[in-house]
Amino acid sequence: MDSLTHIALGACMGEAFFEKGFGKKAMAWGALAQSIPDIDFVASFWLSTPENLLAHRGFTHSVLFGLMIVPVFALLADRLHRPHNIAFRTWITFFAAEVFFHLFIDGFNNYGVGWLEPFSHARYSFNTIYVADPFFSLWPGIACVALIFLKSNSHKRTFWWKFGLIIPFVYLSYCCFNKFKTDQEVKGIFEKEHIPHQKYFTTPTPLQNWLWYVVSGNDTGYYVGFRSVFDHEKKMSFQYFPKNDSLLKPIGHIEDLQKLIRFSQQFYTIERMHDTLIFNDLRFGQVIGWEDPHEQFVFHYYLQYPEENKLVVQRGRFEKWNWETLKSLWQHIKGN
């Protein structure tokens, strides 16, 4: 999830955990502990883009990191707030809940989380909710603001931390249902329309959970389409993108390229544009693909110009969005 959502969730969890026993300090500790795995952003100051892509949600999002940082936080809080009557095991439980919840919830996005780093480089992702979904994030944000302004002894605080935690997780459960429904339907469509699906995934399109981006294929190329949870017809339109990995033969030994392939989890295509090859990571979708099936993929990396690849994960994500685009998105969400 995005950083602001983690801060708000962490604050609400802090209030829920200590409630009437630790005041607003619990909210501050909760927000800090919930945010600490994202300390990996500092790696971007010295790592190349491919290295940074793997570093983000890598070791600092691993179980090992969680086991290391939780007692550090517990010791700090225990020392800083003396004298107090909070048992050390309570501090451990609190910070473990905050940190490991961050690691878990990030797995619901499509970026991938290295839970087993450094022992395994496998990335885990449930592809269930968009990384910034206002229908998930709004409620803890509102609750966090309310808790900041309410007095520490206000009886209304219980309502607000429940508001900030229960509603988003009811919504997340609904997202899981949408994921299951979409996967079941597209599998049937793959079989009916003879779409190869040795490798496939489904993930929500930006800012909502009703229109899903679908990618399916094999080592030669991928079919890309969109499916609304409100679609009734058991069919989809697909656009085919050849993998074109043969174009990589002259540069296949380049280390940055191997990192990009590893990061993409093999969901990539290569295309030639002017004087450079472009590496497309299909997992992050197209700019406005539901409107134009030939649109460029959001993640496109200029292989011959590595210095031109900042913010590559969300390159031009919203640059073509306008009122007409939003109306088109709404039409696709409503289904056929």
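The values are calculated or read from the model by the stated rules, or taken from the named source; none is laboratory data. On a predicted model such as this, the values are computed, not experimentally measured, just so you know. No Cβ is skipped: glycine too gets one built from the backbone with ideal geometry, and neighbour counts run over all protein chains shown.
Condition (residue is among the hydrophobic types (A, V, I, L, M, F, W, C), loosely packed, with under 14 Cβ neighbours inside 10 Å, under 24 Å from the mean Cα position of the chain (by Cα) and not in a loop (DSSP other than H, G, I, E, B)) applied to region 180-187: is it met by at least one residue? Yes, region 180-187 contains a residue that is among the hydrophobic types (A, V, I, L, M, F, W, C), loosely packed, with under 14 Cβ neighbours inside 10 Å, under 24 Å from the mean Cα position of the chain (by Cα) and not in a loop (DSSP other than H, G, I, E, B). For region 246-285, the candidate set comprises residues that are charged (D, E, K, R) and in contact with a Ser or Thr (Cβ under 8 Å, 6 or more places away or on another chain); within that set, the residue that is farthest from residue 198 (Cα to Cα) is 256. You will find that of 226, 201, the residue that is under 30 Å from residue 137 (Cβ atoms) and in contact with a Leu (Cβ under 7 Å, 6 or more places away or on another chain) is 226 and no other. When the residues of region 123-137 are narrowed to those that are under 20 Å from residue 60 (Cα atoms) and in contact with a Gly (Cβ under 9 Å, 6 or more places away or on another chain), which ends up surrounded by the fewest Cβ atoms within 10 Å (Cβ to Cβ)? The extreme case among them is 124. Given region 1-116, what helices (runs of 4 or more DSSP H) lie entirely inside it while holding 3 or more residues that are of a type in the set (Val, Ile, Thr) and crowded, with 21+ Cβ neighbours inside 10 Å? Those helices (runs of 4 or more DSSP H) do not exist here; none qualify.
Number of residues in region 146-172 that are part of a loop (DSSP other than H, G, I, E, B) and within 17 Å of the chain's Cα centre (by Cα): the value is 0. Against the criterion of being modelled with pLDDT of 95 or more, part of a helix (DSSP H, G or I), under 23 Å from residue 60 (Cβ atoms) and in contact with a helix residue (DSSP H, G or I) (Cβ under 9 Å, 6 or more places away or on another chain), residue 119 does not qualify. Residue 130 meets all of the listed conditions (1) at pLDDT 95 or above; (2) under 30 Å from residue 229 (Cβ atoms); (3) touching a Phe, Trp or Tyr at 6+ places or on another chain (Cβ under 8 Å); (4) not acidic (Asp, Glu) but one, namely (3). Sub-8 Å Cβ pairs linking a first residue in region 138-154 that is closer than 19 Å to residue 171 by Cβ to a second residue that is among the β-branched types (Val, Ile, Thr) and part of a helix (DSSP H, G or I), at least 6 apart or interchain, are 139/167; 140/5; 141/5; 144/7, ordered by first then second residue. Could you tell me whether region 149-164 includes any residue that is surrounded by fewer than 18 Cβ atoms within 10 Å (Cβ to Cβ), aliphatic (A, V, I, L, M) and not assigned by TED's automatic domain parsing to the domain that holds residue 260? Yes, that holds for at least one residue.
Residue 212 meets the stated requirement of being free of Cβ contacts under 8 Å to residues at least 40 places away in the same chain and surrounded by 20 or more Cβ atoms within 10 Å (Cβ to Cβ). Scanning region 301-317 for residues that are in a loop (DSSP other than H, G, I, E, B) and either without any contact (Cβ under 8 Å) to a residue 40 or more places away in the chain or within 16 Å of residue 111 (Cα to Cα) (or both) returns 304, 305, 311, 315, 316, 317.
Within region 34-57, the set of residues being of a type in the set (Gly, Ala, Ser) and within 28 Å of residue 11 (Cα to Cα) comprises 35, 43, 44, 55. Among the conditions (1) acidic (Asp, Glu); (2) within 20 Å of residue 246 (Cα to Cα); (3) surrounded by 17 or more Cβ atoms within 10 Å (Cβ to Cβ), residue 275 misses just one, which is (3). For residue 143, the requirement of being in a helix (DSSP H, G or I) and outside the structural domain of residue 286 (by TED's automatic domain parsing) is met.
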